[in-house]
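Peer 1: This is the structure, below, for whatever I ask next.
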Amino acid sequence: MKHFVKLIFIFFIFQNTYAQSCVGYWITIDDHTGLKKSIVELYKKDGVLYGKVVYIYKRGKDGPHSKCTECSGSLHNQPILNMLILSNMKWSGDEWEGGSIRDPEK
């Protein structure tokens, strides 16, 4: 029984540690084709989480030179490469909250 309790305790420590670590490079996958679309870098600045597109896989006619044709305002027709797509997310103790996530395709 002692070993079981220790195992559960260790499991929760590791799960909690890994749940908070989303910083790094993430590959986005197209929901329809299952192919890689881009690489997004998630990073923290002053405790706030941000994400930007750092690489676009060459697919279709535009590839890495894709523009955000569905964006509104000042982002309309701007390059998706290096675009900030996640901003102002704050850690609540359980999850990242608030902020905004932009989908250049919508």
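Only the coordinates and a few stated rules stand behind these numbers; no lab work does. The structure presented is a predicted model; accordingly, all values stated were derived computationally and were not measured. With ideal geometry, Cβ positions are generated from the backbone for all residues, glycine too; neighbour counts draw on all protein chains shown.
Peer 1: Mind checking region 25-106 for GluC sites (Glu not before Pro) that DSSP puts in a loop (not H, G, I, E or B) and that have at most 14 other Cβ atoms within 10 Å?
Peer 2: On the way: sites: Glu41, Glu70, Glu95, Glu97, Glu105; in loops: Glu70, Glu95, Glu105.
Those satisfying the criteria are Glu70, Glu95, Glu105.
Peer 1: Quick check: residue separation of Tyr55 and Tyr25 times 0.36 nm, minus the Cα distance between them. What number comes out in nm?
Peer 2: Values: separation 30, 0.36 × 30 = 10.80 nm, distance 1.00 nm.
Length gained between Tyr55 and Tyr25: 9.8 nm.
Peer 1: Counting other beta carbons within 10 Å of each Cβ, put His76, His32 in order, fewest first. Intermediate results must be reported in sequence, preceding the final value.
Peer 2: On the way: His76 11, His32 6.
Listed from fewest to most nearby Cβ atoms, that is His32, His76.
Peer 1: Still on this structure: Work out how much length Thr69 to Glu95 would gain on full extension: take 0.36 nm times their residue separation and subtract the Cα-Cα distance, in nm to one decimal.
Peer 2: 6.2 nm
Peer 1: Kindly provide log₁₀ I(q)/I(0) values, in the same order as q = 0.26 Å⁻¹, from the Debye equation applied to equal alpha-carbon scatterers of region 23-101.
Peer 2: Scattering profile of region 23-101, log10 relative to I(0): -1.25.
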